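This report refers to the structure that appears directly beneath it.
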Protein chains: 2
Amino acid sequence: MPIRNFTDLEASLSRLPRRRLAVINGTDDSTVSAIARALSVGNLEVAFVGAQPDGALATLLTPYADRIASIPLADEDEAARRAVELVRQGEADFLMKGLIHTDNLLRAVLDKEHGLLPQGRVLTHVAVAEVPGFPRLLFYTDAAVIPVPSRGQREEQVRYLDRVCRAFGIDRPRIALVHFTEKASEKFPCTMDYRLLAEASARGEWGGTVIDGPLDVRTAVDPVALATKGIPSPLQGGADALVFPDLEAANAFYKTLSFFARARQAGMLQGTVCPVVVSSRGDDTETKFLSLAAAACTIDVKQ
Amino acid sequence: MPIRNFTDLEASLSRLPRRRLAVINGTDDSTVSAIARALSVGNLEVAFVGAQPDGALATLLTPYADRIASIPLADEDEAARRAVELVRQGEADFLMKGLIHTDNLLRAVLDKEHGLLPQGRVLTHVAVAEVPGFPRLLFYTDAAVIPVPSRGQREEQVRYLDRVCRAFGIDRPRIALVHFTEKASEKFPCTMDYRLLAEASARGEWGGTVIDGPLDVRTAVDPVALATKGIPSPLQGGADALVFPDLEAANAFYKTLSFFARARQAGMLQGTVCPVVVSSRGDDTETKFLSLAAAACTIDVKQ
């Protein structure tokens with residue numbers, strides 16, 4: 001059964017087998033509240049690595065004490081390294097960032113010898129949005145990590161997006177490669193890469209996954225706009241997922257969806273051996289909970 | 001009185017002095033319907049240059065026959081050149097594209113000897129959006145023309161945006177320079193240009209116009225997000241206008257606003273000696289009418 005919206009996502013969390021989360025410096029209100037909510041819904045175990053929640057926030061966790069471990073460490077770099085080590089030793093299934101600088105967490109995650117990114121793999125950000133009035137979840141990349149993807153990086157982005165869609169129960173993901181127009185042109189190198197990916201998909205090299213582009217944001221998801229422009233596309237304006245040409249475009253999309261279209265959104269890093277939830281300052285409990293749940297769903301996906 | 005929304009814009013059209021529009025190949029339903037609506041509201045005169053509307057569409061224009069001129073020409077390049085000539089001879093105040101390829105229209109507009117772009121000026125696209133739930137119009141650039149603006153081009157974009165805001169009655173336009181984060185960094189050259197513009201504005205070199213950046217789409221327009229992130233900005237999350245780092249980002253914003261946030265939008269070319277309304281296939285009557293009205297409002301702006 002595909003996960004069609006965030007209500008389905010929450011329900012699916014309750015059906016997952018045991019998931020073990022390591023959170024680094026999980027001491028802030030929204031992180032602890034999100035974890036408490038996930039503990040109440042799913043078969044989750046949580047290791048708090050580094051600084052420990054206290055006061056009222058600690059009380060939130062009391063009902064789940066038997067599924068919580070504490071690994072107190074004063075230094076945030078050390079905490080990050082320890083959490084990464086838990087994953088490498090098979091004692092945690094995924095990671096979540098608390099009150100630690102993203103740069104410091106990523107240094108541990110990306111460490112060549114002791115980190116979580118296998119050689120030759122690409123770290124990228126995958127987000128999923130539930131937009132009021134839009135009939136399905138919308139997955140996209142990359143609003144946070146790679147400024148301007150190379151051809152190889154983009155192919156990996158498509159691969160991760162494909163896998164995340166499949167983890168959400170979409171059997172034949174429809175992936176749109178976004179550009180400001182539907183014309184491929186040598187003046188815009190990404191569109192040449194797009195044609196290669198679309199052709200490979202047409203030859204069946206991506207299994208049941210349908211990839212097409214260049215398409216703009218609208219012709220990717222709006223069959224009416226596609227028909228009006230008279231553009232043929234195997235996606236038929238029904239994209240499940242969008243690959244943006246660069247970080248600036250993806251980030252503009254992310255912020256515009258959340259503020260102007262009132263979307264709820266979740267996000268995580270992919271490419272690492274397990275998903276890493278890296279929320280940003282200002283993300284609320286809901287966003288962190290949804291990100292945690294989305295990450296938990298994708299753990300079994302072969303990375 | 002500032003124009004705060006598209007109802008105000010329509011009302012302002014009725015108060016403008018005479019405006020003379022030249023439309024090139026104005027034969028399609030939405031272009032003719034938009035012009036008929038503008039004729040019914042404002043003190044507009046229209047020259048139909050090139051192919052002429054016929055049948056039911058011609059009937060739409062019958063009530064305004066005394067304000068309509070016909071200059072029939074069979075060749076679309078010739079029609080474009082003639083319309084441009086009308087502006088150069090002081091017989092038309094602005095242009096609108098009908099059923100003609102944008103490239104062909106732009107060739108005439110950009111012609112070095114006989115066109116409408118003075119030497120050293122920059123052609124750019126300015127759009128204005130009315131977003132449900134957002135309390136003011138939002139102006140932005142450039143979703144259609146310049147792929148990656150140079151420092152000089154960006155400064156001109158800010159200048160046009162400033163002037164369009166003022167034409168809409170905003171005395172002290174607040175202009176945000178958009179990036180995916182609020183940090184300026186040499187890794188992202190646009191952010192270095194942004195700092196220079198912000199500093200010049202802080203020194204009072206832009207009159208009452210307040211310019212700040214880098215800001216992301218959200219911290220530009222959302223005081224709550226700005227406060228949560230703890231970022232100081234003279235815009236205080238109240239931007240009237242957004243300058244995007246590149247065309248991909250601006251176009252993603254444009255399409256996302258229109259489809260997911262259900263915004264109504266108008267757009268025009270600036271930099272030329274008069275505004276040029278260049279709608280795209282699939283734009284409806286409403287969009288073309290609003291674009292025509294927005295362009296009519298900005299004619300007296302010193303270009």
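The values are calculated or read from the model by the stated rules, or taken from the named source; none is laboratory data. Keep in mind that what you see is a predicted model, and the values were worked out from it rather than measured. Please note: Cβ atoms are built from the backbone with ideal geometry, for glycine as well, and neighbour counts cover all protein chains shown.
Yes or no, residue by residue, for (1) on the phi > 0 side of the Ramachandran plot; (2) surrounded by fewer than 18 Cβ atoms within 10 Å (Cβ to Cβ):
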{"site": "A:P2", "(1), (2)": "no, yes"}
{"site": "A:D8", "(1), (2)": "no, yes"}
{"site": "A:L13", "(1), (2)": "no, no"}
{"site": "A:R18", "(1), (2)": "no, yes"}
{"site": "A:N25", "(1), (2)": "yes, no"}
{"site": "A:D29", "(1), (2)": "no, yes"}
{"site": "A:R37", "(1), (2)": "no, no"}
{"site": "A:L44", "(1), (2)": "no, no"}
{"site": "A:P53", "(1), (2)": "no, no"}
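Give the residue, chosen from A:A184, A:A200, that is over 18 Å from A:P245 (Cβ atoms), in contact with a Phe, Trp or Tyr (Cβ under 8 Å, 6 or more places away or on another chain) and in the same structural domain as A:A127 (by TED's automatic domain parsing).
Matching residue, one of A:A184, A:A200: A:A200.
Checking the structure you have, find out if any residue of the stretch A:270-281 is over 30 Å from A:G90 (Cβ atoms) and either within 14 Å of another protein chain (Cβ to nearest Cβ) or modelled with pLDDT of 95 or more (or both). Yes, the conditions are met somewhere in the stretch A:270-281.
Among the criteria (1) crowded, with 16+ Cβ neighbours inside 10 Å; (2) modelled with pLDDT under 95, the one A:R81 does not fulfil is (2).
Of all residues in the stretch A:168-192, count the ones that are crowded, with 19+ Cβ neighbours inside 10 Å and under 23 Å from A:V128 (Cα atoms). Total meeting the criteria: 11. Scanning the stretch A:261-278 for residues that are touching a Lys or Arg at 6+ places or on another chain (Cβ under 9 Å) and either aromatic (F, W, Y) or assigned to a loop (DSSP other than H, G, I, E, B) (or both) yields A:A261, A:G271, A:T272, A:V273, A:V278.
Is it true that B:D93 is out of contact with any Asp or Glu (no Cβ under 8 Å at 6 or more places or on another chain), within 14 Å of another protein chain (Cβ to nearest Cβ) and either closer than 29 Å to B:L161 by Cβ or aromatic (F, W, Y) (or both)? So B:D93 fails the test.
Going by the conditions given, is B:V131 touching a residue at least 12 places away in the same chain (Cβ under 8 Å), of a type outside the set (F, W, Y) and either within 18 Å of B:E248 (Cα to Cα) or more than 14 Å from chain A (Cβ to nearest Cβ) (or both)?
Numbers: touching a residue at least 12 places away in the same chain (Cβ under 8 Å): yes; of a type outside the set (F, W, Y): yes; either within 18 Å of B:E248 (Cα to Cα) or more than 14 Å from chain A (Cβ to nearest Cβ) (or both): no.
So B:V131 fails the test.
Only one entry of A:A252, A:A266 meets the criterion of being within 10 Å of chain B (Cβ to nearest Cβ) and crowded, with 23+ Cβ neighbours inside 10 Å, and that entry is A:A252. Of all the criteria given as (1) at pLDDT 95 or above; (2) buried (at least 21 other Cβ atoms within 10 Å of the Cβ), the one not satisfied by B:I100 is (1). Scanning the stretch B:281-297 for residues that are free of Cβ contacts under 8 Å to residues at least 12 places away in the same chain and surrounded by fewer than 17 Cβ atoms within 10 Å (Cβ to Cβ) turns up just one, B:R281.
Residue-level check: of (1) within 10 Å of chain B (Cβ to nearest Cβ); (2) on the phi > 0 side of the Ramachandran plot, A:Q236 misses just (1). Can you tell me which residues in the stretch A:102-141 are within 22 Å of A:G26 (Cβ to Cβ) and of a type in the set (D, E, K, R)? Residues satisfying the conditions are A:D103, A:R107, A:D111.
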